[in-house]
Amino acid sequence: MAPALCAICRTSRALIIRPKNHQKLCKSCFIAIFEAEIHHTITTTSLFSPGDRIAIGASGGKDSTVLASVLKTLNERYNYGLELVLLSIDEGIKGYRDDSLETVKRNAVQYDMPLKIVGYDELYGWTMDQVVEAIGKKGNCTYCGVFRRQALDRGAKMLGINHVVTGHNADDVAETILMNLLRGDLPRLARSTSIVTGDANSEVRRSKPLKYAYEKEIVLYAHHKKLDYFTTECLYSPEAFRGSARSLIKNLERVRPSAILDVVRSGEDMAKLVPEVVSGVSHCKSQKVSLSSADGEDEGAGGCGSVNGRNSGGEMADMEKKLRQDEEASSREVDISASIPLSANSQKHDRIGESKPPQKMGKKLVRQTLGTCKKCGYMSSQDICKACTLLEGLNRNRPKIEIEVDVEDEESSTLRRRMEGIALGAG
Amino acid sequence: MESGNTIPIIVEFSGGLEMLFSDERKHKLSVPAKDDQGNAVNIGWLVQHLCQEVMKDSRKEMFVLDGHVRPGILVLINDADWELEGEASYALQPDDNILFVSTLHGG
């Protein structure tokens, strides 16, 4: 097969075939167009203003490394006037995050950017190693994801920065859109499609400049520019992508590569149809803004291993199960008058036996208003934020040996002896 | 095997795939020029060969699904996307560099 020539310069050999339009490009034309498109995204959405200080959520992985590299390049090429800072979260996972943080430290030198690392231990008093020790591996991704999102806000605040950019790519956005569609979660569908969350009034805004960039092209960009990035599986969530919506996205891409951007565009169009009162997203402004993702669910529930919310495996199976349950439940729904208390399985259709008639969208129509957590003071749409709720649960179950040593009453010392017994037995 | 009947190639794994191949990024291989049917060996043959002979890890499905390279794994032949080279039907040439990059892993 004669080597194809680049469709742009027509001189060099084509090495890349673009997923979104099958354009065949040489290495340097690909790098140029990849950067130009991100510049286009940034300028058309008025993402930054001159003098802005921007924190790049950096994990050392491919997406955030490419984001840091491209932002540095564009900032210099087009005189954005930005001050770029790397912000990394140390979840406290030995043998995993400490390695990837070494990559971020090298990136800080390579890109000549200051680096701030904030740890779960200093913020929450728990490392992920300790969380897993306390609750086991199952469900630990929820803690990690919720903690990480707030940690980014807190880290930005420590730096006096009010805009954090993350490496979410088109594949991530498409995945989140599909999950929110399957859940029927309109507020989140609207928010997950917008490039910025939070507005001028928020303490910290979030944005995803790589929103329209294919994961495939991000990896190819990193490869051809020989960027220094880190890949490994999180020790607590190996193969998190298996059986997930991620696989569906990748299978779609194989059949029709443009499908990923099609899903992203369709998600945006559907989001426009969601009433503002539901979504909290204003369509009037030239720049789409929405409520903050401080509650930590907008980017998908998972989030191990990278800034991206990789959901834990089996979510598609869970979703199918839930849909089946919904279907079964809806056949019972007509039976409003009969006050037979059926065993509730927490589905929204299971309102049989309640005094009020079923309101399918009743729960979702309550507009989420952004406030602050009564406990920690960080952004939340509920009285107590998710991070504090999870922490409370963790702290309640943490054995308080040091405190109990001073307690004199018999009950506690009996308890202490029992706990010591357990500890000895386990050892 | 006679040297004339084998092709030296370099196979590389990155993006997290190396952990399936003894944590070795670079593998220097010598592959037969022809398969059992006497056809020139191609990438499709190489993928099966890697799975059966080179990969010690039991999680074959992390590399190959339904007889194809798992979606989300990029294949570069001498730095060119294999889609430009005929994908699995590309016939291996001496000193080819075949790179498998996973896009599926976190960082």
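The values are calculated or read from the model by the stated rules, or taken from the named source; none is laboratory data. Remember, predicted model here, so these are calculated numbers, not experimental data. So basically every Cβ, Gly included, is an ideal-geometry build from the backbone, and we count neighbours across all protein chains shown. Heavy atoms of the whole protein, side chains included, go into the accessibility calculation; ligands, DNA and RNA do not. Shrake-Rupley method; radii C 1.70, N 1.55, O 1.52, S 1.80 Å.
Which of the following residues is surrounded by fewer than 13 Cβ atoms within 10 Å (Cβ to Cβ), within 14 Å of chain A (Cβ to nearest Cβ) and within 30 Å of A:His168 (Cβ to Cβ): B:Glu87, B:Glu61?
Testing whether each residue is surrounded by fewer than 13 Cβ atoms within 10 Å (Cβ to Cβ), within 14 Å of chain A (Cβ to nearest Cβ) and within 30 Å of A:His168 (Cβ to Cβ) leaves just B:Glu61.
Are there any pairs, at least 6 apart or on different chains, whose C-beta atoms fall under 6 Å, with the first in the range A:169-194 and within 14 Å of another protein chain (Cβ to nearest Cβ) and the second open to solvent by 30 Å² or more (accessible area, probe 1.4 Å) and of a type outside the set (A, V, I, L, M), and if so, which?
Taking only residues 6 or more apart or on different chains, the pairs are A:Ala170/A:Tyr212.
Show me the helices (runs of 4 or more DSSP H) entirely contained within the range A:31-145 in which 2 or more residues are over 30 Å from A:Leu391 (Cβ atoms) and in contact with a Phe, Trp or Tyr (Cβ under 8 Å, 6 or more places away or on another chain).
Ranges flagged: A:62-77.
Which of the residues belonging to the range A:103-117 are over 12 Å from A:Thr232 (Cβ atoms) and out of contact with any strand residue (DSSP E or B) (no Cβ under 8 Å at 6 or more places or on another chain)?
A:Arg106, A:Val109, A:Gln110, A:Asp112
Looking only at the range B:90-103, count how many residues are at the interface with another protein chain (Cβ under 7 Å from one of its Cβ atoms) and open to solvent by 10 Å² or more (accessible area, probe 1.4 Å).
Final tally of qualifying residues: 0.
For the condition touching a residue at least 60 places away in the same chain (Cβ under 8 Å) and crowded, with 16+ Cβ neighbours inside 10 Å, what is the one hit in B:Val47, B:Val31, B:Val41?
Matching residue, one of B:Val47, B:Val31, B:Val41: B:Val31.
Residues checked against (1) open to solvent by 50 Å² or more (accessible area, probe 1.4 Å); (2) within 14 Å of another protein chain (Cβ to nearest Cβ); (3) under 21 Å from A:Lys208 (Cα atoms):
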residue: A:Ile38; (1), (2), (3): no, no, yes
residue: A:Thr45; (1), (2), (3): no, no, yes
residue: A:Ala55; (1), (2), (3): no, no, yes
residue: A:Val85; (1), (2), (3): no, no, yes
residue: A:Glu91; (1), (2), (3): no, yes, no
residue: A:Arg106; (1), (2), (3): yes, yes, no
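Pairs, please: C-beta under 6 Å, at least 6 apart or cross-chain, first residue more than 9 Å from chain B (Cβ to nearest Cβ) and in the range A:242-265, second open to solvent by 30 Å² or more (accessible area, probe 1.4 Å) and among the small types (Gly, Ala, Ser)?
Cβ pairs passing all conditions: A:Gly243/A:Gly313; A:Ser244/A:Gly313.
State all residues of the range B:67-84 that are more than 10 Å from chain A (Cβ to nearest Cβ) and surrounded by fewer than 16 Cβ atoms within 10 Å (Cβ to Cβ); if no residue qualifies, say none.
If the condition is that a residue be more than 10 Å from chain A (Cβ to nearest Cβ) and surrounded by fewer than 16 Cβ atoms within 10 Å (Cβ to Cβ), then B:Gly67 is the only one that fits.
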